[in-house]
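Asker: Could you have a look at this structure, given as structure tokens, before my questions?
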Amino acid sequence: MKRSVLYGIIAALVLVVIVLAALVLSPDQGDDQAAVSTEQASEGLADDASAVIAARGLTPDNVTAALKTYMPSGQYDPYMMFSSGGHSGQVHVIGIPSMRLLRTIGVFTPEPWQGYGFGDLGQAEMFAEGDVAGSPVTWGDTHHPALSETNASYDGEWLFVNDKAQSRIAVIDLRDFETKQIVKNPIAMNDHGGAFVTPNTEWVIEGGQYAAPSVGSFADISEYNDKWRGMITFWKFDREKGRIIPEESFAMELPPYWQDLCDSGKLVSEGWIFCNSFNTERATGGVGAVEGAVPFESGASQNDMDYLHVIDLKKLEQVAATNTNQLNGLNYVTMETAVAENLLFFIPEPKSPHGIDIAPNGDYMVVSGKLDPHVTIFSFAKIQQAIADKKWSPDDYGIPVLDFDSVLEAQIELGLGPLHTQFDNQGYAYTSLYLDSMVARWTLGGGDYAHASEGWTLIDKESIHYNVGHIAAAEGDTATPAGNFLVSLNKWSVDRFANVGPLLPQNFQLIDIAGEGESLQLLYDMPIGFGEPHYAQIMKTERLKSIQVYPEVGWDPQKWAVNPDAPKAGEERVERDGNNVTVYMTAIRSHFTPEHVSIKKGDNVTWHITNLERAVDAVHGFAVPAYNVNLSIEPGESATFEFVADKDGVFSYYCTEFCSALHLEMTGYLMIAPE
Ligand code: RUQ
Ligand code: CUA
């Protein structure tokens, strides 16, 4: 037997002993960890492991938590979490259960390591598409990532995310984890209820947030009720092209309530869309500006009920197909049309609601009121019945408000500040409790769910640290939840980490949800020192079909094809046509060809570089000082940048990725002679 194999077996045996010992010693995985002595924790273990446990003062719960999250070097996490980066404007990719950061994807904000937004022409054109009111904006506030779905399960192909600050949607290609499109919503300045997808990703949903007159128009706030509006937009996604098609997309006018989160119906409720709202009071604030004005926080919290918006998307698609009304170039269905066509309904929901989440079989709609200790569960069947029976009365805009009691299935008192709900494969649901700083597990008490016979019942609550917003369970918002793990996306970390100054990291906490009943166990804290994540989705890693090198040399990632202008090996050159200079350069370990580029001040320069490498991870960077050029050129990729040579001098360009032993020699001189 080989020695390494023998060691492997011994190591495995030690681990088994540790797991068994820890489980035996941990009959109750509660919070009183300190009560268990170090001797108990390490009793009966192999000497080395005991010594480590004793030296570190670990409890049995600590040891099981460590074993459940540890990924030996070279092993891959079974799940990948795609998390918004908040106002970093990016998306973060994190392995579950190890909580290792695998990748940050540049989305709305330029990111130097990826050479994202520092000269690359394809990216510059993409950013320009996302200009806001005619101006470039170089950051975003990403909130809700949405993985593409087929039959209401993730398919690992595309990822969408919204920019709350500017009402934009980005399309990320999961073949190469690069952003391929940024779409600016022409009618709204901000959003929140996006991105969400329909079960086969025909539509990417973007719901509004703060009501306003449409982009480019002005109406005084005294005309709030008549001229300010909410909205929801349905962006058509073309899978073949991998792009949103604005010309085939449409929006719907909504009252100036503040639309919040949305979710798409699935299975029995496929074709229906649900968005909640707050500030149905239509408070207009004004503290500090208007005498006697009530601040939004109380003005928008007067009503006991706000409105869940229920949209018949199938009917709306038909109406939009023949609709001729437009707003700022976007197909725009008015409220009047929506009411006349019977495709928009409201349901009263308590109280200043936040989350709306559809159960795995599409049969129940779960909402939480920030100021109500319950989750409220509506039945899709009852909603359909109430619509058929016309059990409604109109709101101020004529929109039918369904009778609350007719559509209510259940309410469960969970605790303070319920926000968002996720689901697992055992018939449990989980709701975040912001004010309690807890995650609650409860049973789905109806339908075909495993615990239906137990009714709608609170089962367990686990403390988190602190102030949880969203939670994300593995595939926990699809028709096929995976269970096993849930991440609590905590807004405050207060005492969890060593002090790094007054701007504290967020805290992602991993919770084991594999057991039944009162078995929730907190496993791991991950400080997020790079943004304020809102939502995240966790997908099985095996669903991904990502590439490692681009399919052919000379590849344009934006066009997903070989760039005809891509420089080829042996054809490198500098061409001049009057003042226009074109550089055809290649990169391969460890040199650029050419190494001298001599031009004149005032030249217009177009510069192509192909990375000729076919080896995995053989990335070259390309930086030009003073001209704000910084590229990352992955194996096979061809990139292009342009500039006007407005400064003379000698500029040493170099490779920014440590690509070989002679990486420092991978350099050259751009020599710009004075006129
Ligand atoms: S949000 S913490 Cu989705 Cu912007 Cu709820
Ligand atoms: Cu190429 Cu360093």
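Asker: Can you give the FRET efficiency for SER546 and ASN200, using 1/(1 + (r/R0)^6), R0 = 22 Å, r = Cβ-Cβ distance, to the nearest 0.05?
Answerer: 0.55
Asker: Something else: Can you tell me which of 281-288, 312-319 comes out highest on packing, and rank the rest after it, using the mean Cβ neighbours within 10 Å?
Answerer: 312-319, 281-288
Asker: Hey, for a label at LYS390 modelled as a point 7 Å past Cα toward Cβ, could you say which residues of the range 403-427 have their backbone N under 16 Å away?
Answerer: Only 403 pass the distance filter.
Asker: Tell me the label-point distance for the pair ASP495, GLU291, using the 7 Å Cα-to-Cβ offset, in nm and rounded to one decimal.
Answerer: For the pair ASP495/GLU291, the computed spacing is 4.8 nm.
Asker: Label point 7 Å out from ASP617 along Cα-to-Cβ: which residues of the range 43-78 have amide N under 17 Å?
Answerer: Taking a point 7 Å out along Cα→Cβ of ASP617, the residues of the range 43-78 whose backbone N falls under 17 Å are 72-77.
Asker: Largest first, how would SER493, SER135 line up by accessible area (1.4 Å probe)?
Answerer: SER135, SER493
Asker: Same structure, new question: Give me the Kirkwood hydrodynamic radius of the range 440-537 in Å, from all C-alpha pairs, to one decimal place?
Answerer: 14.7 Å
Asker: A follow-up question, please. Please give the direction-averaged projected area of the C-alpha convex hull for the range 110-160, in square nanometres with one decimal.
Answerer: If you wrap the Cα atoms of the range 110-160 in a convex hull and average its projections, you get 5.0 nm².
Asker: While we're looking at this one, here's another question. Report the normalised scattering of the chain as log10 I(q)/I(0) at q = 0.10 Å⁻¹, calculated by the Debye formula with identical scatterers on the alpha carbons.
Answerer: Once normalised to I(0) and log-transformed, intensities are -1.00.
Asker: Going highest first, how would you order 90-100, 538-548, 615-625 by mean Cβ packing within 10 Å?
Answerer: Going by the mean number of other Cβ atoms within 10 Å, highest first, we get 90-100, 615-625, 538-548.
Asker: Dipole size in debye (nearest 20) for the chain around its Cα centre, Lys and Arg Cβ +1, Asp and Glu Cβ -1?
Answerer: Its charge dipole is roughly 1100 debye.
Asker: Within the range 155-174, which residues have the backbone N less than 15 Å from the label spot 7 Å out from SER217 along Cα→beta-carbon, could you tell me?
Answerer: none
Asker: Taking the mean number of other Cβ atoms within 10 Å as a proxy for protection, how do you rank 570-577, 234-241 from highest to lowest?
Answerer: Answer by packing, highest mean first, reads 234-241, 570-577.
Asker: While we're looking at this one, here's another question. For the chain, which cysteines have no disulfide-compatible partner, meaning no other cysteine Cβ under 4.7 Å?
Answerer: Lone cysteines by the Cβ rule: CYS655, CYS659.
Asker: To the nearest 20 debye, what charge dipole does the range 305-359 have about its Cα centre, counting +1 at the Cβ of each Lys and Arg and -1 at the Cβ of each Asp and Glu?
Answerer: Rounded to the nearest 20 debye, it is 40 debye.
Asker: Here's something else I'd like to know. For GLU613, list long-range residues whose amide hydrogen, built 1.01 Å from N in the peptide plane, is under 5 Å from its own amide hydrogen.
Answerer: Sorted by chain and number, the residues that satisfy this are GLY636.
Asker: While we're on this one: Over 31 Å between C-alpha atoms is what I'm after, so list which of LYS314/LYS391; LYS382/LYS540; LYS241/LYS370; LYS180/LYS568; LYS351/LYS491 land there.
Answerer: LYS382/LYS540; LYS241/LYS370
Asker: Follow-up question, since we're still on this one. How much FRET efficiency would the formula 1/(1 + (r/R0)^6) give for ARG243 and LYS314, where r is the Cβ-Cβ distance and R0 is 22 Å, rounded to 0.05?
Answerer: The calculated FRET efficiency here is 0.40.
Asker: Here is a further query. Given only helices, namely DSSP H runs of n ≥ 4 each adding -39500 (n - 2.57), what is the per-residue ellipticity at 222 nm of the chain, to the nearest 500 deg cm²/dmol?
Answerer: -4000 deg cm²/dmol
Asker: Something else about it: Can you run the Rg to Rh ratio on the range 545-599? Use alpha carbon positions and the Kirkwood inverse-distance Rh.
Answerer: 1.05
Asker: For the chain, what % of the accessible area comes from carbon and sulfur atoms, probe 1.4 Å?
Answerer: 53 percent
Asker: Find the relative contact order for the chain and round it to a whole percent, using C-alpha pairs within less than 8 Å whose residues are 6+ positions apart.
Answerer: Reported as a whole number, the value is 10 percent.
Asker: Under a 1.4 Å probe, what is the accessible area of the chain per residue, stated in Å²?
Answerer: Result: 41 Å² per residue.
Asker: For a quick check of understanding: with a 1.4 angstrom probe and all protein chains in place, what accessible area in square angstrom does HIS465 have, to the nearest ten?
Answerer: 30 Å²
The values are calculated or read from the model by the stated rules, or taken from the named source; none is laboratory data. These numbers come from a predicted model, not from an experiment. Every residue, glycine among them, receives a Cβ derived from its backbone with ideal geometry; neighbour counts consider all protein chains shown. Only protein heavy atoms, including side chains, enter the accessible area calculation; ligands, DNA and RNA are left aside. Shrake-Rupley method; radii C 1.70, N 1.55, O 1.52, S 1.80 Å.
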